[in-house]
Amino acid sequence: MRSQVRGLACGVAAHVEDRVVRLRAPWSSLPANSRFLLVGMDGDRLDPPWPDLIVTCGRKAGAVAVALKKRGCTAMLAHIQDPLVNPARFDLVFAMVHDKVSGPNVTKQLTAVHEVSRARLDAAKEEWGARFGGLAKPIITVLLGGATQRTPFGVAEAQTLDAQLHALRHSVGQGSVLIVPSRRTSDDVLDYFSAKAASDSSIWVWRRDGDNPYLGALAWADRLVVTGDSISMVSEALAANVPVDVFIPPLRGRHANFLVSLVEAGAIHRLDQAVSNTRPFAPVPDATAIACAITRQKLLERGFR
């Protein structure tokens, strides 16, 4: 969520400040228009002078922004994802195509807003050139997520992913593989891929030591393999403008709907069907650029410069 908020905020403002707040129970269950909601707030202080724009993501953060507005906050409110309240309480809402929210101020998009810009990728490519520039082509970057509340991602799933990755490498050329775990990747899964790298010099695994190579691995990729448990990670992979194959576990709800919409649009291929799928990859509209342009225009209409 934080990367989505920063992606929009940094795209429209020269000065951005993070504010992290929490709502304690039972106040966290109060409706967004409750005048008592802020009583249960912990974390960074939210006081005047108000900024020109407040960007929120998630139900609780959105509820805090609405409560601040009722107390006289003059900032424009932009919310990312379905706020799960009446969207008219915000100036702008940027939701996913599979979200149920709708309204004149709601923009639906295929992918999530994020921080991965072309400028950041170009800088990362230069920064990581000494490490990745000499690797055999094609470079396949693998972005590992982790288990969700309802979907496991352990060694068994890693073995399935590894088998599908092997088939993909056989079809596109052996080249090199860069494997980058996230904070949610379990140690067992990381150990599994590290053991593969120990016996195969064409595989490189970041063991979560030293500088994070995430952007560099995105920038140097000729092809990307992403686990489908993270909407943000899949969206960021698409920003690299290379073919994206997604390892899709048995997901449900909004994650599943998100991936189905991208498969239907031709933006991604399922990794288990990547070898036989001859359908070309379709470009995806830049959700971050669109959201930033709409927000800048709304700020201008409100008299902010």
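Nothing in this text is a laboratory measurement; each read-out follows from the coordinates by a stated rule. These numbers were taken from a predicted model, which means no experiment stands behind them. FYI the Cβ positions are ideal-geometry reconstructions off the backbone, even for glycines, and counts take in every protein chain you see.
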Checklist line | Average projection area in nm² (convex hull over Cα atoms of the chain, one quarter of hull surface) | finding: 16.7 nm²
Margin query: Students often forget the sequence filter, so: which lysines lie under 18 Å Cα-Cα from LYS125 once same-chain residues fewer than 8 apart are removed?
Written below: LYS137
Notebook entry, point to check: Once every DSSP H run of n ≥ 4 in the chain is given -39500 (n - 2.57) and the sum is divided by its residues, what mean residue ellipticity at 222 nm do you get, rounded to the nearest 500 deg cm²/dmol?
Noted result: -11000 deg cm²/dmol
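Semi-axes of the stretch 118-273's equivalent ellipsoid from the Cα gyration tensor, sqrt of 5 times each eigenvalue, largest first, rounded to whole Å?
Sorted largest first and rounded, they come to 22, 18, 15 Å.
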Next item on the list: Calculate the dipole size of the stretch 255-305 relative to its Cα centre from +1 charges on Lys and Arg beta carbons and -1 charges on Asp and Glu beta carbons; express the result in debye to the nearest 20.
Entry: 300 debye
Item checked: Separation between Cα centres of the stretch 89-156 and the stretch 255-298, rounded to whole Å -> 10 Å
Next item on the list: Anything in the chain that counts as a DSSP H helix reaching 20 Å or more along its axis (C-alpha) with Kyte-Doolittle mean of at least -1.0? List them, would you?
Entry: 155-172, 287-301
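For the stretch 182-224, which trypsin sites (Lys or Arg not before Pro) are both in a DSSP coil and crowded by at most 10 other Cβ atoms within 10 Å? If you can, show how the numbers build up before the last one.
Details: sites: ARG183, ARG184, LYS196, ARG207, ARG208, ARG223; in loops: ARG183, ARG184, ARG207, ARG208.
Sparse-neighbourhood loop trypsin sites (Lys or Arg not before Pro): ARG183.
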